[in-house]
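The values are calculated or read from the model by the stated rules, or taken from the named source; none is laboratory data. Keep in mind it's a predicted model, so treat the numbers as computed, not measured. So basically every Cβ, Gly included, is an ideal-geometry build from the backbone, and we count neighbours across all protein chains shown. Heads up: the accessible areas ignore ligands, DNA and RNA and are worked out on the full protein's heavy atoms, side chains in. Shrake-Rupley method; radii C 1.70, N 1.55, O 1.52, S 1.80 Å.
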Amino acid sequence: MPFPDVKLANRPLHFLYLCDCSGSMAASGKMQALNQAIRQSLPGMAAVARDNPEARVLVRAVRFADHAAWHIETPTPVDQLEWRDLQAGGITAMGEALKLVAAALQTPPMEVRALPPVLVLISDGQPTDDFAAGLEALLRVPWAQKAVRLAIALGHDADLEVLQRFIGIEPATAGRSPRRPLQASNATSLAQYIQWASTAVVGAASMPASRVSETPLEPAAGNIPLPDLPPTVLDPTDDVGPLVW
Amino acid sequence: MSWILPEGASLEFEGLAAPLRIIRGLGGGTQGQVYEVELEGERLALKWYLPACIARDGGLERRLVASIRATAPNEDFLWPIALLRASPASRPLIRIRQESFGYLMPLRPPAYVGACEHASGRLAIGLRQVLRACFGLADAFHALHLAGLCYKDVSLGNLFLEPGSGSILICDNDNVAVDGADHGAVLGTPGFMAPEVLLGQARPGADSDLFSLAVLLFRLLTRHDPLKGQMELAIRCLDEPARRRLCGEDPVFIFDPVDDRNRPDPIEHAAALITWPIYPRPLQALFEQTFCRGMKQPSRRALTGQWKQELARTLDRRTLCLACGQENFQASGAPALCWSCGAPLPEPITLLLAHGSVVAAPDNELHAHHFDALAGEDLRRPLARVVAHPQDPRRLGLRNLQAAAWSAETHDGRSQPVQPGESCSLAALARIQSPAGPIAVQRPTRPSPAT
Ligand SMILES: Nc1ncnc2c1ncn2[C@@H]1O[C@H](COP(=O)(O)OP(=O)(O)O)[C@@H](O)[C@H]1O
Ligand SMILES: [Mg+2]
């Protein structure tokens, strides 16, 4: 006879991409690389979601150029997600994007109980609007304060200082270097970071993974201990040298 | 996934006479990547470590070498077979610059699925199979602890189940060490870690394994977490500090008979409320022992031998509801109601043995430990199995799974042989003489309820 039809109680885990779609993203195939990286990461993300019965992983995405707008507005279970390509063109309304996310993280519409949300900001340039006001609006929202905030800088023109303010400035703790924006200088490293954020970080925020003694059990800052970054896997197809942004 | 080892390539490793073919990557975890490989026609699994993991865990290689030498406690472990380092010729094919190594282990057969498939309710599995898996888990840890070893990282992620039989396999055996001897890097998986380990007051060892084992058994039996009740509902953001409070600083078992602060919520935690009453008191008592007194006193936790005994006895009590067919496990004697449909359960035929008794219900089995007080509980080699008559499932028989014939005695004193593989109908029998010992057939004292 079957085991009674009961399921493990679970909590939503909101995962939000904030994608820079400014005109500069059209250069050197950056926009295509980002679309590819996210699309390729979805099966792995779905597998992590399956393995974590305590979490209901729900994905959304914001695009920002001249204005910020929802690219995926409905929190979508990752196995039902279809990634439509983002198009580049315009300036960099990053502050507006943060305000859009701030509104979405208010309760309601946010659930009363959830896992820490994961916010991933990807940009190749500098905000052209009031970034500080956007960040302030975001960080006033309790769910944004609790969120795991990651930033990926595409190429050398990305504003690392702005991205660092988004993820938070963390005092250096013994044995751990403070968190920095991830710097992707080519399509391969971008894909690895997107994959890391959508699998390892989602795993860490939903059902905790094995802990080793070096993982501080009481992290100084950030309420989820972040997993190791992926090892630098040498790309065997890279004989001609990676395209560097 | 970016694979460190090249899929499809053949690599040479030091100490291996033949090259190893990397068939495909199977998965990656926090410590490394696991591949399906082929060595001289045999399929095996290879775990290759990430350099960060090797750097952090100085004792890793030493532990692996010791485990390989010691061999597996029993066959339920996907135990390391050999430590591998690439030969100089194959080194350039490995796609990381830092020096690294891995180990070979048996490959998990495809019929086994990750235990989280069950925890998340996606697996079709029966209660008997879940209880057998729990027994297998207790048995495996019993063998491991008796060998003086501890596992340290018990979690759903390291357990595989075969839903048809309830057989198990345990992977990720690279943290195994002599209890108390080795300060490995791993602390455990939050949610399964003993409070004293989570709070940094103790290193993981056999006592903390007992806590983690009880959590895993509870999750398999109830599809719920033993510490998630009202106190979890009061937490808005379930992050690291909140988990630390819930599982370390103030952990309260949801069914603590005395402290009722963390009772399950009827809606949010329905799974626990539906499944917990299925299990007999003595089994529930082991959870209470571990999660109440044993919560803060590691030496008071239920031992692997106690789990084995109570889980085996629970399986011996298994009976089927005549109304809905669901499996019930309540203690015999007092009239009981089916946990699923509420119908009264008939008092069943019971097989009385030198060391215990087994309810006659299809698929229930007799084992050596039922006849011999010195034999440890072991479900691998049944000596007899209760079978339903193919035409009339109400008529139960007992199949002889031993190598020699039985002598079945009827009430009027006649006897007839039951050859190996044959079954005898229990209705007419008073007793069976088997090479393992006598089997007395006890009929119900009260009539079964009308159906
Ligand atoms: N012997 C094996 N056979 C098949 N798959 C395995 C085996 N061992 C591990 N795996 C799979 O490989 C993946 C990673 O394994 P694991 O050892 O748990 O990594 P980590 O310890 O780094 O988390 C998991 O998906 C697991 O199911
Ligand atoms: Mg693992």
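In region B:152-163, the qualifying residues are those that are more than 8 Å from chain A (Cβ to nearest Cβ) and open to solvent by 10 Å² or more (accessible area, probe 1.4 Å), and the one that is farthest from the chain's Cα centre (by Cα) is B:152.
Checking each residue in region B:193-214 for being within 13 Å of chain A (Cβ to nearest Cβ) and assigned to a helix (DSSP H, G or I) picks out B:195, B:196, B:197, B:198, B:208, B:212.
How many residues, within region B:47-57, are near ligand 1 (Cβ under 9 Å from one of its atoms) and not hydroxyl-bearing (Ser, Thr, Tyr)? Of the residues in that region, 3 qualify. Among the criteria (1) modelled with pLDDT under 95; (2) more than 16 Å from ligand 1 (Cβ to nearest atom), the one residue B:9 does not fulfil is (1). Among the candidates B:61, B:36, which residue alone is touching a residue at least 12 places away in the same chain (Cβ under 8 Å), within 13 Å of ligand 1 (Cβ to nearest atom) and in the same structural domain as residue B:98 (by TED's automatic domain parsing)? From the options B:61, B:36, the qualifying one is B:36.
With respect to residue B:166, determine if the residue is open to solvent by 20 Å² or more (accessible area, probe 1.4 Å) and either within 13 Å of another protein chain (Cβ to nearest Cβ) or away from ligand 2 (no atom under 16 Å from the Cβ) (or both). Taking the combined requirement at face value, the residue does not satisfy it. Filtering region B:84-101 to residues that are of a type in the set (Gly, Ala, Ser) and open to solvent by less than 40 Å² (accessible area, probe 1.4 Å) leaves B:86, B:87, B:90, B:100.
Conditions tested, residue by residue: (1) at pLDDT 85 or above; (2) on the phi > 0 side of the Ramachandran plot; (3) crowded, with 20+ Cβ neighbours inside 10 Å.
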| position | (1), (2), (3) |
| --- | --- |
| A:135 | yes, no, yes |
| A:142 | yes, no, no |
| A:179 | no, no, no |
| A:196 | yes, no, yes |
| A:200 | yes, no, yes |
| A:221 | no, no, no |
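Step by step: first the residues of region A:5-44, then only those that are within 14 Å of chain B (Cβ to nearest Cβ) and in contact with a strand residue (DSSP E or B) (Cβ under 7 Å, 6 or more places away or on another chain), then the one that is surrounded by the most Cβ atoms within 10 Å (Cβ to Cβ). Which residue is that? Checking each candidate, the answer is A:13. Need the failing condition index for residue B:104 against (1) within 14 Å of another protein chain (Cβ to nearest Cβ); (2) buried (at least 18 other Cβ atoms within 10 Å of the Cβ), just the number. So the condition that residue B:104 fails would be (1).
Taking (1) assigned to a loop (DSSP other than H, G, I, E, B); (2) in contact with a helix residue (DSSP H, G or I) (Cβ under 7 Å, 6 or more places away or on another chain); (3) surrounded by fewer than 23 Cβ atoms within 10 Å (Cβ to Cβ) in turn, residue A:91 satisfies each apart from (2). If only residues of region A:45-56 that are small (Gly, Ala, Ser) and closer than 17 Å to residue B:158 by Cα are counted, the one that is nearest to the other protein chains (Cβ to nearest Cβ) is A:47. Determine whether region B:138-151 contains at least one residue that is under 23 Å from residue B:291 (Cβ atoms), acidic (Asp, Glu) and either more than 16 Å from ligand 2 (Cβ to nearest atom) or open to solvent by less than 10 Å² (accessible area, probe 1.4 Å) (or both). Checking region B:138-151: at least one residue is under 23 Å from residue B:291 (Cβ atoms), acidic (Asp, Glu) and either more than 16 Å from ligand 2 (Cβ to nearest atom) or open to solvent by less than 10 Å² (accessible area, probe 1.4 Å) (or both).
Within region B:184-196, none of the residues are within 19 Å of the chain's Cα centre (by Cα), within 16 Å of ligand 2 (Cβ to nearest atom), open to solvent by 10 Å² or more (accessible area, probe 1.4 Å) and closer than 15 Å to residue B:77 by Cβ.
Total residues in region A:45-88 satisfying the condition of being open to solvent by less than 20 Å² (accessible area, probe 1.4 Å) and among the hydroxyl-bearing types (Ser, Thr, Tyr): the figure is 0.
Against the test of being under 19 Å from residue B:144 (Cβ atoms), of a type outside the set (Val, Ile, Thr) and without any contact (Cβ under 8 Å) to a residue 12 or more places away in the chain, the options B:91, B:108, B:69 yield a single qualifying residue, B:69. Quickly run through region B:1-51 and pick out the residues that are away from ligand 2 (no atom under 16 Å from the Cβ), open to solvent by 30 Å² or more (accessible area, probe 1.4 Å) and within 14 Å of another protein chain (Cβ to nearest Cβ). Selection gives B:2, B:3, B:7, B:8. Answer yes or no as to whether residue B:71 is open to solvent by 60 Å² or more (accessible area, probe 1.4 Å) and on the phi > 0 side of the Ramachandran plot. Answer is yes for this residue. The residues of region B:248-304 that are away from chain A (no Cβ under 14 Å), surrounded by 21 or more Cβ atoms within 10 Å (Cβ to Cβ) and among the hydroxyl-bearing types (Ser, Thr, Tyr), listed by number, are B:290, B:304.
Taken as a whole, the condition of being surrounded by fewer than 18 Cβ atoms within 10 Å (Cβ to Cβ) and either free of Cβ contacts under 8 Å to residues at least 12 places away in the same chain or touching a Leu at 6+ places or on another chain (Cβ under 9 Å) (or both) applies to residue B:337. Taken together, the residues in region A:31-45 that are under 15 Å from the mean Cα position of the chain (by Cα) and within 16 Å of ligand 1 (Cβ to nearest atom) amount to 2.
Every test in (1) more than 27 Å from residue A:118 (Cα to Cα); (2) assigned to a loop (DSSP other than H, G, I, E, B) is passed by residue B:268 save one, and that test is (1). Residues that are open to solvent by less than 40 Å² (accessible area, probe 1.4 Å) and away from ligand 1 (no atom under 13 Å from the Cβ) were ranked within region B:169-183; the one that is farthest from the chain's Cα centre (by Cα) is B:182.
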